[in-house]
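Below is one structure; the comments refer to it alone.
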Amino acid sequence: MSLLKQIALIAPTASGKTAFAIEYAKQHNANILSLDSLAIYKEMDIVSAKPTLKEREGIKHFGIDEIYPNSPFNVTTFIELYKKAKERSIKEKKSLIIVGGTSFYLKSLLDGISPIPPISEDSYQKTLKLCRDIKRAYNFLYTIDSKYMQHIDIKDYYRIEKMLNLYFETGLSPTDYFRANPPKPIIVEPINIYEIAIDKITLRDRITQRTKQMLSMGLIDEIAYLEEKYGRALNPMKAIGVKEVLDYFDGVYSKKELEEKIIINTARLAKRQRTFNRSQFPNRITVNLEELKMKII
């Protein structure tokens, strides 16, 4: 058991998490681990709404500007970042605040993930061949393990590919493999999880203002640069704020429609984030931002 003091802060996008985390870190001599699926990438600055170096106010942030958009990435990346942040914080005798909208990664830290064996070239090629028709690949897995696959979307290429690799490498269905290799929690110490409560109208207004700000800061130019450098196939190029600008380039939207589409899709994301947080963190402490400041700062 370490002596590390740590808390987690979850909330939908544009709810004020980042500014609060920095204020908390200054007051409590803490480092910050960002659980954000876009802020982790270098060069994706405006679209990720990551805090600038000036806004970070000298607070050490893990999980921001860690890798390039074309770098390999999965949930284990965040697990390694947590271990690094924890070790650094203990060494520096600092607290750690874990904050982000992608709370799936926090769930992974709390529950752990099962170890995945190295995938041979033979297994990889079998998977690649089958995934040329993703519907066929899904149906193949469904006949092997309907119980597991009923919870996976037929268009979820990443997870279908992962399960095929696992099956071809081990000969075990996903259910059998994970039963034999249960996950082990990464965060084993008690940790308070706070959720920022914010009403839908206020959140929609914040999303609208942030979208306008991102566009005025040069979002379109940033996506043009990313497209020229990395193309459109990478997963980060399918994120909200990126895909809409790419459609704008293709003439699908006018500039006004582009703004509206980003706002709509961001609001939908926020709704999904809220639903996930309610279902996955039953012991979370939900308070509004002002109450939270009084409670823990």
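Before moving on, here are some points about what is shown:
- Residue check: residue 29 meets all listed conditions (1) surrounded by fewer than 21 Cβ atoms within 10 Å (Cβ to Cβ); (2) touching a residue at least 60 places away in the same chain (Cβ under 8 Å); (3) touching a helix residue (DSSP H, G or I) at 6+ places or on another chain (Cβ under 8 Å); (4) not small (Gly, Ala, Ser) but one, namely (3).
- Taken across region 239-259, residues that are touching a Leu at 6+ places or on another chain (Cβ under 9 Å), in a helix (DSSP H, G or I), under 24 Å from residue 104 (Cβ atoms) and of a type outside the set (D, E, K, R) do not occur at all.
The rows are residues; the columns are (1) within 30 Å of residue 282 (Cα to Cα); (2) outside the structural domain of residue 284 (by TED's automatic domain parsing).
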site	(1), (2)
108	yes, no
125	no, yes
131	no, yes
138	no, yes
151	yes, yes
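- If you go through region 180-232 and keep only what is within 30 Å of residue 110 (Cα to Cα) and among the hydroxyl-bearing types (Ser, Thr, Tyr), you end up with just 194.
Condition check ((1) outside the structural domain of residue 96 (by TED's automatic domain parsing); (2) crowded, with 20+ Cβ neighbours inside 10 Å; (3) part of a helix (DSSP H, G or I)) across all residues:
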{"residue": "163", "(1), (2), (3)": "yes, yes, yes"}
{"residue": "166", "(1), (2), (3)": "yes, yes, yes"}
{"residue": "176", "(1), (2), (3)": "yes, no, yes"}
{"residue": "205", "(1), (2), (3)": "no, no, yes"}
{"residue": "220", "(1), (2), (3)": "no, no, yes"}
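- Taking every residue in region 76-90 that is within 19 Å of residue 59 (Cβ to Cβ) and not assigned by TED's automatic domain parsing to the domain that holds residue 60 and pairing it with any residue that is surrounded by fewer than 17 Cβ atoms within 10 Å (Cβ to Cβ) and β-branched (Val, Ile, Thr), at least 6 positions away or on another chain, yields no pair with a Cβ-Cβ distance below 7 Å.
- Of the residues in region 132-142, at least one is surrounded by fewer than 17 Cβ atoms within 10 Å (Cβ to Cβ) and under 17 Å from residue 235 (Cβ atoms).
The values are calculated or read from the model by the stated rules, or taken from the named source; none is laboratory data. The structure displayed is predicted, hence computed values, not measured ones. Every residue, glycine among them, receives a Cβ derived from its backbone with ideal geometry; neighbour counts consider all protein chains shown.
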